[in-house]
Amino acid sequence: MGCDPPPLEPRHKVTSPRILAIIADSPDVRPGQSTEIRVIAGGLTVEPEFTWYVCARAEATTTFVAQSTFGQAEPNDACFGDAGASNVRLPFTGPNALFAVPGDLLRRLEALRAVYGANISSTRLLEIARTAGLPLTIAVEMRHNDPGTDGGAPANTVVRALKRIVVLDRPELNRNPPGPSFRFGAPRDGDAGGVPMRYVRDGDDERCEPDDGSGPLVVRPGSVHELAPAPYETPWLERYFILDTFGQPAEQVETAFYSFYSTGGAYRDDRTRIPTRNTIWEAPLRLGPIQHWLIVRDGRGGTSACRYTVTVSADAGSLSRRDAASLPDVSESPLGSRPDASHVDATAFDGQ
């Protein structure tokens with residue numbers, strides 16, 4: 001009751017400008033090389049300004065043995081707050097930035113101590129750098145004057161986001177997952193069905209579109225659809241090493257994570273991971289286009305993403321005619337705030 005009005009929106013619903021992901025073309029970078037970093041943003045109707053930084057965050061370590069946790073801990077305010085004094089500003093103001101790594105970075109003891117601690121010997125620090133690398137944080141501020149669809153964002157609102165990259169001197173570096181591939185409206189029995197969606201990149205535009213060229217997705221109001229990421233992660237899931245609690249290299253295997261966002265409707269689960277990849281999306285009652293984003297992560301910095309549009313229309317065809325009787329209920333907003341309407345059956349809605 002203390003949160004009403006307005007009701008809290010679910011985290012997947014994009015109603016104002018947000019940063020949904022940051023992608024580095026190479027999430028691991030060798031000394032002397034560079035990586036392009038770009039923002040995946042949603043909810044924008046005006047062009048924002050971006051400010052980019054790089055900083056060294058302290059990694060969580062054990063009392064006696066330094067170990068890389070690959071960003072599993074968040075011990076401070078990262079590149080902001082009191083930690084902002086160590087920021088180095090990058091000379092970029094758009095959604096893309098280029099970070100060039102100094103050739104001698106893995107030999108700079110002051111940089112290694114800033115991350116792994118000041119009470120570690122120089123020999124041990126250099127050994128950690130060779131094994132686990134040097135993690136750095138790319139930080140971005142997105143400043144905008146866009147109130148969003150609900151009018152809730154004041155002028156000069158700043159959205160902050162972080163991206164962790166690792167400087168490594170190895171032959172094999174972490175690669176991003178391939179562009180998202182999934183089926184929209186997949187049947188629950190696992191048979192091939194629905195609309196297969198493929199990833200397309202055209203410059204800075206990263207989108208998913210029907211693989212068969214059937215055109216835009218159109219669904220009926222209140223209809224229910226299953227989103228099924230393609231279960232083909234094995235070829236791109238990589239093995240990598242961390243330092244375990246005994247300070248020894250330990251091999252790990254990546255895990256595929258999926259995050260779902262939209263400007264309308266409701267997801268049953270907005271974050272999934274293998275082997276339970278799929279989720280359910282219920283279209284809203286209001287008509288019009290709904291923007292969606294699918295973000296794929298490998299659990300250690302690799303990311304890919306695409307956006308796509310689903311139009312809600314009373315004239316939708318067979319894509320919406322599915323048996324939703326076995327699906328759980330999902331609501332776009334609390335019952336009291338939904339528009340006055342008679343009961344909507346996803347399989348019988350006639351547009352009236």
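Residue 236 fulfils the conditions (1) in a strand (DSSP E or B); (2) under 20 Å from the mean Cα position of the chain (by Cα); (3) modelled with pLDDT under 95 except for a single criterion, (1). Checked against the criterion of being of a type in the set (Lys, Arg), part of a loop (DSSP other than H, G, I, E, B) and at pLDDT below 90, segment 249-269 has no qualifying residue.
Looking only at residues that are touching a Pro at 6+ places or on another chain (Cβ under 7 Å) and modelled with pLDDT of 80 or more in segment 132-168, which one is farthest from residue 106 (Cα to Cα)? If we take residues in segment 132-168 being touching a Pro at 6+ places or on another chain (Cβ under 7 Å) and modelled with pLDDT of 80 or more, then 144 is farthest from residue 106 (Cα to Cα). Taken together, 272, 309 contain a single residue that is surrounded by fewer than 22 Cβ atoms within 10 Å (Cβ to Cβ), at negative phi and touching a Phe, Trp or Tyr at 6+ places or on another chain (Cβ under 6 Å), which is 272.
Candidates 258, 240: the one that is in contact with a Pro (Cβ under 8 Å, 6 or more places away or on another chain), crowded, with 19+ Cβ neighbours inside 10 Å, of a type in the set (Ser, Thr, Tyr) and on the phi < 0 side of the Ramachandran plot is 258.
The values are calculated or read from the model by the stated rules, or taken from the named source; none is laboratory data. In this text the structure is predicted, and so the values were computed from the model without any measurement. All Cβ positions, even for glycine, are placed from backbone atoms using ideal geometry, and neighbour counts span all protein chains on display.
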